[in-house]
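Written out below as structure tokens is the structure these notes cover.
Read the figures in this text as sums done on the coordinates, not as results from a lab. It should be emphasised that the depicted structure is a prediction, and the values quoted were computed from it without experimental measurement. Don't worry about glycine lacking a Cβ; one is built from the backbone with ideal geometry, like all the others, and counts go over all protein chains shown.
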Amino acid sequence: MHPSVTFLNFDNTYTWQRNLLRFPHEWIDMYDIEGTNLYCDDDAIKEIEKRIARRHTRGVTLIGSGNYHYVSYVLLKQFHELFTLVLFDHHTDMNEQTLFPLLSCGSWVSYAQKHVPTLKHVVMIGSATSYVSSHVTTFPKNDVMYAPMTIVRAIPTKHVYISIDKDVLRPQDAQTNWDQGTMSLQMLLTYIDYLFRYKHVLGVDVCGEDRTFCVKNEQANEAIIRACFKHMPISSAS
């Protein structure tokens, strides 16, 4: 991983978060791709994959609204090592799409479990509901912070991928277009720090934007980026 940010511009959210552009970054426009809001059809996902494949570095990927969280599936497909997905999200995103088996923001985790062979386990933190499965460990939302090492010990692999939907956070720290959890931003930053210290992080993505609250969300994004960059050697940047 390199200390750089990839902006995936689906909804023009980040044009209103100009302070984030001070970080080393790439900007990839997705705004013109049809069939991407909430659900993603086959043609759209192929085009998204093609554009992401052209990026030069892997660091922190900013996706936009939670409506596009399914893009995490595309990012997970890139890894050849066995890994655990560590998901910070107020929703499990495990809905089964039986009638309309399209990739969606509400089903991408279960979709990834079926289609990403290197995804060994999922650890969910901050979800409103629990999900019972031998391949999923859930730490549902709680006003009391889980011990960070308890979460680290629940991860069965050396490698992890971190996916963050800011709807896991309390409204004081971020504002999204979905119902939200109770986690504080500081709590999230502590978890990120422990994951980087005790595991090999393959990548990080962040979503959960709402253009109505860009200032608050920009501050949360900046804090998350800095927490990740702290563990990425500057000499590796390109």
Could you tally the net charge around residue 72, taking each other residue with its Cβ under 13 Å from the Cβ of residue 72, Lys/Arg +1 and Asp/Glu -1?
-> -4
Diffusion coefficient, µm² s⁻¹, Stokes-Einstein with Kirkwood Rh over alpha-carbon pairs of region 43-93 at 4 °C and 1.567 mPa s | 103
Among 172, 3, 130, whose Cα sits farthest toward the positive end of the charge dipole of the chain (+1 at Cβ of Lys/Arg, -1 at Cβ of Asp/Glu, about the Cα centre)?
-> 3
Per residue, what volume in Å³ does the Cα convex hull of region 131-178 take up?
-> 116
List the residues of region 132-149 whose backbone N lies under 13 Å from a point placed 7 Å from the Cα of residue 193 along the Cα-to-Cβ direction.
-> 148-149
For residue 27 and residue 42, extending 7 Å from Cα along the Cα-Cβ vector and measuring point to point gives, in nm, a value of 3.4
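Return an integer: the convex hull volume of the alpha-carbon atoms of region 1-105, in Å³ per residue. Intermediate values should be presented prior to the final figure.
Values: hull volume 12.8 nm³, N = 105.
With only Cα atoms used, region 1-105 gives 122 Å³ per residue.
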Hey, with R₀ at 25 Å, roughly what FRET efficiency would residue 16 and residue 51 work out to, going by the Cβ-Cβ distance, to 0.05?
-> 0.70
Report the antiparallel proportion of the DSSP beta bridges in region 5-236 as a percent, rounded to a multiple of 5.
-> 10
Name the trypsin sites (Lys or Arg not before Pro) in region 169-238 that are in a loop by DSSP and that have at most 16 other C-beta atoms within 10 Å, would you?
-> 230
Using the structure shown, list the pairs from 77/114; 50/77; 46/77; 46/114; 114/141; 77/158 with a Cα-Cα distance above 20 Å, or answer none.
-> 114/141
So what's the convex hull volume per residue for the Cα atoms of region 110-208, in Å³?
-> 105
Taking alpha-carbon centroids only, region 5-51 lies from region 57-72 a number of Å equal to 8
Pairs of Cα atoms under 8 Å, at least six residues apart: use those to get the relative contact order of region 5-236, whole percent.
-> 22
Could you pull out the longest piece of the chain with no exposed loop GluC sites (Glu not before Pro) in it, calling a site exposed if DSSP puts it outside H, G, I, E, B and it has at most 13 other Cβ atoms within 10 Å?
-> 97-238
Report the semi-axes of the equivalent ellipsoid for region 5-236 in whole Å, largest first, where each axis is √(5λ) for an eigenvalue λ of the Cα gyration tensor.
-> 23, 21, 19
Local net charge near residue 194, Cβ-Cβ under 14 Å (Lys/Arg +1, Asp/Glu -1) = +3
Under 19 Å from the Cα of residue 216 - aspartates and glutamates, other chains or at least 8 residues apart = 11, 89, 165, 167, 173, 179, 205
So, counting K/R as plus one and D/E as minus one, what does the shell of residues with Cβ under 12 Å around residue 2 add up to?
-> +1
Out of the DSSP beta bridges found with both residues in region 143-238, what percent are antiparallel (nearest 5)?
-> 0
Just how large is the dipole of the chain about the Cα centre, in debye to the nearest 20, putting +1 at every Lys and Arg Cβ and -1 at every Asp and Glu Cβ?
-> 1000
Which stretch or stretches of region 116-135 have amide N atoms under 17 Å from the point lying 7 Å from residue 150's Cα along the Cα→Cβ direction?
-> 123-131
